1. Would you confirm, using the coordinates I've provided, whether A:Leu70 is in a helix (DSSP H, G or I) and in contact with a Gly (Cβ under 9 Å, 6 or more places away or on another chain)?
2. Does B:Met24 meet the test of being in contact (Cβ under 8 Å) with a residue 12 or more places away in the chain and either touching a helix residue (DSSP H, G or I) at 6+ places or on another chain (Cβ under 7 Å) or farther than 29 Å from A:Glu2 by Cα (or both)?
3. Hey, any hits in the stretch A:33-46 for a residue that's in contact with an Asp or Glu (Cβ under 8 Å, 6 or more places away or on another chain), without any contact (Cβ under 8 Å) to a residue 60 or more places away in the chain and not acidic (Asp, Glu)?
4. So if I check each of B:Val32, B:Val40, which one is more than 7 Å from chain A (Cβ to nearest Cβ) and either part of a helix (DSSP H, G or I) or surrounded by 15 or more Cβ atoms within 10 Å (Cβ to Cβ) (or both)?
5. Examine the stretch B:2-9 for a residue that is touching a Leu at 6+ places or on another chain (Cβ under 7 Å), in a loop (DSSP other than H, G, I, E, B), within 8 Å of another protein chain (Cβ to nearest Cβ) and surrounded by 15 or more Cβ atoms within 10 Å (Cβ to Cβ), and state whether such a residue exists.
6. In the stretch B:47-64, which residue that is facing chain A (nearest Cβ under 10 Å) and in contact (Cβ under 8 Å) with a residue 12 or more places away in the chain is farthest from A:Gln22 (Cα to Cα)?
7. Does the stretch B:51-59 contain at least one residue that is in contact with a Pro (Cβ under 9 Å, 6 or more places away or on another chain) and either outside any helix (DSSP H, G or I) or more than 19 Å from A:Leu41 (Cα to Cα) (or both)?
8. Just to check your reading of the model, which residue among A:Val75, A:Val13 is in contact with a helix residue (DSSP H, G or I) (Cβ under 7 Å, 6 or more places away or on another chain), more than 18 Å from B:Gly11 (Cα to Cα) and in a helix (DSSP H, G or I)?
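Only the coordinates and a few stated rules stand behind these numbers; no lab work does. Owing to the predicted nature of the structure, the values given are computational and were not obtained by experimental measurement. Positions of Cβ are generated from backbone atoms using ideal geometry, with glycine treated the same way; all protein chains shown enter the neighbour counts.
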2 protein chains.
Amino acid sequence: MEWIEYVGYVGVVLSSITFMPQVMHAWKTKSVGDLSIWMVLILIGNVSTWLLYAVVKDVLPMIIANSIILVLSFVMLYFKLTFKK
Amino acid sequence: MEWIEYVGYVGVVLSSITFMPQVMHAWKTKSVGDLSIWMVLILIGNVSTWLLYAVVKDVLPMIIANSIILVLSFVMLYFKLTFKK
């Protein structure tokens, strides 16, 4: 495996965990007023698109990463719609 | 061009614009307390990694998208460090 492929795997791991701190932050504070709902909605569209791409192209790391991000973005949407502030 | 390549281009456009509403929201409200700084920092690492990957692999749409997201994530970091709340 070439070195750049390892860089790709680092990218996959970092992509997968990017929104975990945001979900934990929102869960702890129960406050999401500063989160843009448009960011969350576009993120869901963005990640759904890449998930479709990854499934058709059969790229497993990309399927896993985008599935994780999709779940996290739906959790953020749920928080955004249910927390009062 | 196969249909799935068009899906990829939609993904590139959606990825590029994902954080624009968040930057505008933060700029308008001057409030970023609910944004996780760890999300922003991991996003910077994530996007820098993909930018390196895209440059080495010479994938222009991926270079453009990741450059845009990198600029937006540094703007979010700047807001996070300078706005008081």
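1. Here the answer is no, as A:Leu70 does not meet what is asked.
2. Here the answer is no, as B:Met24 does not meet what is asked.
3. The answer is yes; a qualifying residue exists.
4. Answer to the selection: B:Val40.
5. So far as the stretch B:2-9 goes, no, none of its residues is touching a Leu at 6+ places or on another chain (Cβ under 7 Å), in a loop (DSSP other than H, G, I, E, B), within 8 Å of another protein chain (Cβ to nearest Cβ) and surrounded by 15 or more Cβ atoms within 10 Å (Cβ to Cβ).
6. B:Ala54
7. yes
8. Answer to the selection: A:Val75.
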